[in-house]
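The values are calculated or read from the model by the stated rules, or taken from the named source; none is laboratory data. Computed from a predicted model, the values in this text were never measured in an experiment. Note that each Cβ is placed from the backbone with ideal geometry, even for glycine, and that neighbours are counted across all protein chains shown. Surface areas here come from the heavy atoms of the whole protein model, side chains and all, with no ligands, DNA or RNA. Shrake-Rupley method; radii C 1.70, N 1.55, O 1.52, S 1.80 Å.
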Amino acid sequence: MPTRQAAPETPSAADLPVVAALPALLAALAAGRNAVLVAPPGAGKTTLVPLALLEAPWRGDRRILVLEPRRLATRAAAARMAALRGEAVGGTIGYRTRLEQAVSPATSVEVLTEGILLRRLLADPLLDGVAAILLDEVHERAIEADLCLALCRDAQRGLRPDLRLIAASATPQSDRLAALLDATVIESAGRMFPVEIVQAKRDLAGPRDLPAAVAAAAREALAAHPGDILAFLPGMAEIRRAEAALEGCGALVLPLHGDLPPAAQDLALRPAADGGRRVVLATSIAETSLTVPGVRVVIDGGFRRAPRLDPGSGLARLATVRISRAAATQRAGRAGREAPGVAIRLWTEAQQRGLPAHDRPEILEAELAGARLAAAAWQDAVGTAPATLGFPDPPPAGAWAAAGALLEELGALRDGVLTPLGARMAALGAHPRLAAMMLAAGTPGEAALAAALAALLEERDPLRPAFTSGPRRDPPADIALRLAPLVEAEWDAAPDGAAPDGAAWDRGALARIRRGLGQYRRRLGLGAVAAAGDPAPLIAAGFPDRLAARRAEPGSFRLAGGGGARLAPTDALARAPLLAVAALDLGTTTRIRLAAPLDPARLPAALEARVTTQTETAFDPVSGAVLARRRRRLGALVLSDRTAPADPAEAAAALLVALAAAPVGGDAAGGALDRLPWTEAARQLRARVALLRGIEPDAGWPDLSDAALRAGLPDWLGPHLAGVTRLAELARIDLAALLRGLVPGALAARLDRALPVALDLPGGRAAVDYTEPVPVASARAQAFYGLARTPELAGGRVPLRLALLSPAGRPVAVTGDLAGFWQGGWAEVRREMRGRYPKHEWPETPALAPARPGGSPGGGRRAPA
């Protein structure tokens, strides 16, 4: 049913400056053009423009949508327009926010927040029944506002050429916006009484000093200036502290921020009932769209909360940042809306000159997963690629890619294309992480639990830190403590009893969470289903990069997405092996704020599919053994780690790696290949093949060089390492046989003929050493008696030297020309040997001496088998 709400007392609508600009605006829209309306705060654009469009012939019976950046502004704008028409909200003028609505079939002007318009666009790209959209306060450049603008323009170009778009801005920087919309720029004068600007003589040390400084300035202003005071502070915490510092100041102190109940917000937007003075402590919510009546003094702390992307974690966080000069001007203007006023700035002239001219658009600073999912859903619905959407400022490539990677991890995108799960996530109208969490529920009870988690995580933690005379005591991190009052049968009941140790209940936050919970339950169609189940797997589905495994020190954790996080060592979760983390505080150290203990055996299906079992098999050079460790991994986390017997194939592979890292043949002392059974036969075989390969390069001789054997280890050695897990076990391998197996059969026979392992001599056999630069055949001198000249190798293509040994096996002569040696050098050797070994025969002409069987090499090298 329509409900009547109190509206601020403002001047008559006919007196507002925007009235003069309405004819030009209506003419541009009647001609089918878009429009950019530039009007300072207080000109009346938010309330009078939609009412003027009601009578436009092109509207027919279709609705006018008015987009507002905040819930409070949405409600206030609807209330003001309804009051101007003498109607109740929910009749001709209605509104819709995430947590409440007042609309009816009679509604022709619907004021709504950015998230609501975005969901409507994705559900109905044709915007059936909508004639025009007024995008108010576009200069604030919130992400969802930029996205709504881009999608509305795309819908107009491809689907709804009759749709009118009006962008209203309080700043004159409209050229880029006009070009983007192909719009006519219409400017409206503002109405501003003189405002005296008072700058501080000294800058504050930091935002922590703001509450006390604002309270002191307010007390001075109450004594020095008439009228109500509007003070700007960054957030609720500063407002609470300033409120406490103003106790007993003689004026009514009222907070004004988006988390207040509607009745408390309305109280700040009305003059005091008794005519007394007021001090309104507000966030930047009061910069635009709202009129706080009676204000003659503005006290500006110069800071605001803004979402910022932390590159190290890929997460968005609210940071306290300096405002811009444009924002400072808008805030100061609030003192001159109704009469001359004064703006007291708590920073110096020098600091003022250093402020940026304008606030940076949120799309350049914040986390973009929600915008990336919406763009993908829009592409799925109408075919427009995200890269071609007309954003006022394109999203940064790195942040856009990071958002896409997160959506791929959540299962919303596959190769950049929306999945069926992604479509369901986009339809839920929640952040992609929360949507993935709710859609991971396997039962209605788990879905109800996931809805409670989503509502909880969207709002402020309902457990506030307790401040005592000692240090701050943070509330316990266990998220189950917050869920308890949300999953009870009576959702609207306040939590009974004291809050957990170190905390206090924030009942306002609980009330908002319960409203959000009811909304998500309706979207999921849960009815009266009771919440049930374990929250940890649901959290893991939405925050897979925030799974945290405990390190050795209690309270120290490693995150799946990389990096570390901490809990107080005294926290009940500090010793949990694995946590599903739902909220982090990012500062000099990353602190786990909300989490639940997670059983590694109960991972959600999407995460279980990404768990890898990694076996690390490595060679230990000290023991000469192959060791194996098996780890179950999820991202950077090790879910389990144990030693295990090495798989035979993996052991063989590790040995091959170790052997390949050292020179072949034991040329490097201590190399792992020294442990291979390099017998004399194996060495000689390599040398023989290398000689023939050198003189017959095209004959097909295999390459048994160091490099070739290293490269081919898996082929020639690998099949023979089955069951081998230690280098010591390699001794059982016949290396000479393996190498000979690399020589083709026909070539193997030729090898034995051309380069035999030993020579048959008249008096025995001489082993040939082919590893010498010139092969050497060694035997006792008596074995050569009866041989007139040096034998030939490979038909004379390979030179040969003969080593004649004494009966003791020591060389007495080495020659490559046996015939010449018998005729020349033998006489000297004979004289020496006859004296030393008189029992042996030393003929004068050995070439003619009869063969002496048994003259095989004594102390010389034995012929290889």
Matching residues in region 304-328 - criterion: being modelled with pLDDT of 85 or more, of a type in the set (A, V, I, L, M, F, W, C) and open to solvent by 10 Å² or more (accessible area, probe 1.4 Å)
VAL321, ALA326
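Do we have LEU802 as in contact with a helix residue (DSSP H, G or I) (Cβ under 9 Å, 6 or more places away or on another chain), more than 30 Å from GLY700 (Cβ to Cβ), surrounded by 14 or more Cβ atoms within 10 Å (Cβ to Cβ) and modelled with pLDDT of 95 or more here?
Numbers: in contact with a helix residue (DSSP H, G or I) (Cβ under 9 Å, 6 or more places away or on another chain): yes; more than 30 Å from GLY700 (Cβ to Cβ): yes; surrounded by 14 or more Cβ atoms within 10 Å (Cβ to Cβ): yes; modelled with pLDDT of 95 or more: yes.
Here the answer is yes, as LEU802 does meet what is asked.
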Out of all the residues in region 295-303, is one or more at pLDDT 90 or above, surrounded by fewer than 18 Cβ atoms within 10 Å (Cβ to Cβ) and either within 30 Å of the chain's Cα centre (by Cα) or assigned to a loop (DSSP other than H, G, I, E, B) (or both)?
no
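Residue by residue, here is whether (1) open to solvent by 20 Å² or more (accessible area, probe 1.4 Å); (2) among the polar types (S, T, N, Q); (3) farther than 20 Å from ALA150 by Cα; (4) without any contact (Cβ under 8 Å) to a residue 12 or more places away in the chain holds:
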position: GLY91; (1), (2), (3), (4): no, no, yes, no
position: GLU100; (1), (2), (3), (4): yes, no, yes, no
position: PRO105; (1), (2), (3), (4): yes, no, yes, yes
position: LEU112; (1), (2), (3), (4): no, no, no, no
Take the residues of region 620-635 that are open to solvent by less than 50 Å² (accessible area, probe 1.4 Å) and either modelled with pLDDT of 80 or more or assigned to a strand (DSSP E or B) (or both): which is nearest to ASP599 (Cα to Cα)?
LEU634
The lone condition GLU608 fails out of (1) over 19 Å from PRO535 (Cα atoms); (2) surrounded by fewer than 18 Cβ atoms within 10 Å (Cβ to Cβ); (3) not hydrophobic (A, V, I, L, M, F, W, C) is (1)
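Scanning region 334-377 for residues that are assigned to a loop (DSSP other than H, G, I, E, B) and touching a Phe, Trp or Tyr at 6+ places or on another chain (Cβ under 8 Å), which turns out nearest to ALA423 (Cα to Cα)?
If we filter region 334-377 for residues that are assigned to a loop (DSSP other than H, G, I, E, B), which is where we start, we get 337-340, 346-348, 355-361, 365-368.
Right, trim to touching a Phe, Trp or Tyr at 6+ places or on another chain (Cβ under 8 Å) and you get 337-340, 368.
Working: ARG337: 46, GLU338: 49, ALA339: 52, PRO340: 53, LEU368: 17 Å.
Of everything passing the filter in region 334-377, LEU368 is nearest to ALA423 (Cα to Cα).
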If you take the residues of region 381-432 that are within 21 Å of LEU180 (Cα to Cα) and of a type in the set (Val, Ile, Thr), which of them is nearest to the chain's Cα centre (by Cα)?
THR388
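Is it the case, given these coordinates, that ASP154 is in a helix (DSSP H, G or I) and touching a residue at least 24 places away in the same chain (Cβ under 8 Å)? It would help to see each step written out before you state the result.
Values: in a helix (DSSP H, G or I): yes; touching a residue at least 24 places away in the same chain (Cβ under 8 Å): yes.
Here the answer is yes, as ASP154 does meet what is asked.
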Among the residues of region 336-356, is any touching a Pro at 6+ places or on another chain (Cβ under 9 Å), within 30 Å of LEU603 (Cβ to Cβ) and open to solvent by less than 20 Å² (accessible area, probe 1.4 Å)?
no
Which listed residue, of ARG80, ARG96, is basic (Lys, Arg) and in contact with a strand residue (DSSP E or B) (Cβ under 6 Å, 6 or more places away or on another chain):
ARG96
Run down ASP474, ASP506, ASP496, ASP478 and say which single residue is on the phi < 0 side of the Ramachandran plot, open to solvent by 10 Å² or more (accessible area, probe 1.4 Å), at pLDDT 90 or above and of a type outside the set (A, V, I, L, M).
ASP478
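For region 805-824, how many residues meet the condition of being loosely packed, with under 15 Cβ neighbours inside 10 Å and touching a residue at least 12 places away in the same chain (Cβ under 8 Å)? Before you say what the answer is, go through the steps one by one.
Of the residues in region 805-824, the ones loosely packed, with under 15 Cβ neighbours inside 10 Å are 808-811, 814, 816-817, 819-820, 823-824.
Filter once more, so that each one left must be touching a residue at least 12 places away in the same chain (Cβ under 8 Å): 808-811, 814, 816-817, 819.
Summing the residues that are loosely packed, with under 15 Cβ neighbours inside 10 Å and touching a residue at least 12 places away in the same chain (Cβ under 8 Å) in region 805-824 gives 8.
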Within region 544-566, take every residue that is within 15 Å of LEU594 (Cβ to Cβ) and open to solvent by less than 10 Å² (accessible area, probe 1.4 Å) and give me the one that is nearest to the chain's Cα centre (by Cα).
LEU547
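Run down ALA427, ALA441 and say which single residue is in contact (Cβ under 8 Å) with a residue 24 or more places away in the chain, over 15 Å from ALA369 (Cβ atoms), open to solvent by 20 Å² or more (accessible area, probe 1.4 Å) and assigned to a helix (DSSP H, G or I). Full working, then the answer.
On the way: ALA441 fails: assigned to a helix (DSSP H, G or I).
Of ALA427, ALA441, the one residue that is in contact (Cβ under 8 Å) with a residue 24 or more places away in the chain, over 15 Å from ALA369 (Cβ atoms), open to solvent by 20 Å² or more (accessible area, probe 1.4 Å) and assigned to a helix (DSSP H, G or I) is ALA427.
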Those residues of region 179-221 which are open to solvent by 80 Å² or more (accessible area, probe 1.4 Å) and either among the hydroxyl-bearing types (Ser, Thr, Tyr) or over 30 Å from ARG153 (Cβ atoms) (or both) amount to MET192, PRO194, GLU196, LYS201, ARG202, ALA205, ARG208, ARG219, GLU220
Within region 18-109, considering only helices (runs of 4 or more DSSP H) that don't extend past its boundaries, which have at least 1 residues that are farther than 22 Å from ASP266 by Cβ?
22-30, 45-53
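So, in region 590-616, exactly how many residues are part of a loop (DSSP other than H, G, I, E, B) and in contact (Cβ under 8 Å) with a residue 24 or more places away in the chain?
Initially, region 590-616 is screened for residues part of a loop (DSSP other than H, G, I, E, B), giving 598-599, 603-604, 609-611.
Retained after the next criterion (residues that are in contact (Cβ under 8 Å) with a residue 24 or more places away in the chain): 598-599, 603-604, 610-611.
Here the count works out to 6.
Farther than 21 Å from LEU121 by Cβ, more than 44 Å from the chain's Cα centre (by Cα), open to solvent by 10 Å² or more (accessible area, probe 1.4 Å) and touching a residue at least 40 places away in the same chain (Cβ under 8 Å) - does that describe any residue in region 63-78?
At the first step, the residues of region 63-78 found to be farther than 21 Å from LEU121 by Cβ are 72, 75-76.
Adding the requirement that they be more than 44 Å from the chain's Cα centre (by Cα) leaves none.
Within region 63-78, none of the residues are farther than 21 Å from LEU121 by Cβ, more than 44 Å from the chain's Cα centre (by Cα), open to solvent by 10 Å² or more (accessible area, probe 1.4 Å) and touching a residue at least 40 places away in the same chain (Cβ under 8 Å).
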From the set of residues in region 249-273 that are over 38 Å from the mean Cα position of the chain (by Cα) and small (Gly, Ala, Ser), which is modelled with the highest pLDDT?
ALA251
Out of THR589, THR615, report the one residue that is open to solvent by less than 50 Å² (accessible area, probe 1.4 Å) and either under 20 Å from GLY533 (Cα atoms) or of a type in the set (Val, Ile, Thr) (or both).
THR615
Lone unmet requirement of (1) open to solvent by less than 20 Å² (accessible area, probe 1.4 Å); (2) of a type in the set (Lys, Arg); (3) within 23 Å of ALA426 (Cβ to Cβ) for ARG372
(1)
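For residues in region 150-171 being open to solvent by less than 10 Å² (accessible area, probe 1.4 Å) and aliphatic (A, V, I, L, M), which is farthest from the chain's Cα centre (by Cα)? Don't jump to the end; show me each part of the working.
The first filter runs over region 150-171 and keeps only residues open to solvent by less than 10 Å² (accessible area, probe 1.4 Å), leaving 150-152, 155, 163, 165-169.
In the following step, the residues that additionally are aliphatic (A, V, I, L, M) were identified as 150-151, 155, 163, 165-168.
Numbers: ALA150: 26, LEU151: 27, ALA155: 32, LEU163: 39, LEU165: 36, ILE166: 37, ALA167: 35, ALA168: 36 Å.
Step by step, filter region 150-171, then rank; the result is LEU163.
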Just one listed residue, out of LEU281, LEU254, LEU230, LEU260, is open to solvent by less than 40 Å² (accessible area, probe 1.4 Å), closer than 22 Å to ALA511 by Cβ, touching a residue at least 60 places away in the same chain (Cβ under 8 Å) and assigned to a strand (DSSP E or B), and it is LEU281
Could you tell me how many of the residues in region 591-608 are within 21 Å of ASP641 (Cβ to Cβ), of a type in the set (A, V, I, L, M) and within 22 Å of the chain's Cα centre (by Cα)?
3
Considering ALA653, ALA682, which residue is modelled with pLDDT of 80 or more, open to solvent by 30 Å² or more (accessible area, probe 1.4 Å) and either farther than 22 Å from PRO714 by Cα or of a type outside the set (Asp, Glu) (or both)?
ALA653
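For region 517-530, give me each residue that is on the phi < 0 side of the Ramachandran plot, open to solvent by 30 Å² or more (accessible area, probe 1.4 Å) and part of a loop (DSSP other than H, G, I, E, B). Full working, then the answer.
Quick first cut of region 517-530, residues on the phi < 0 side of the Ramachandran plot only: 517-524, 526, 528-530.
Checking the rest, the ones that are also open to solvent by 30 Å² or more (accessible area, probe 1.4 Å) come to 522-524, 528-530.
The answer is ALA528, VAL529, ALA530.
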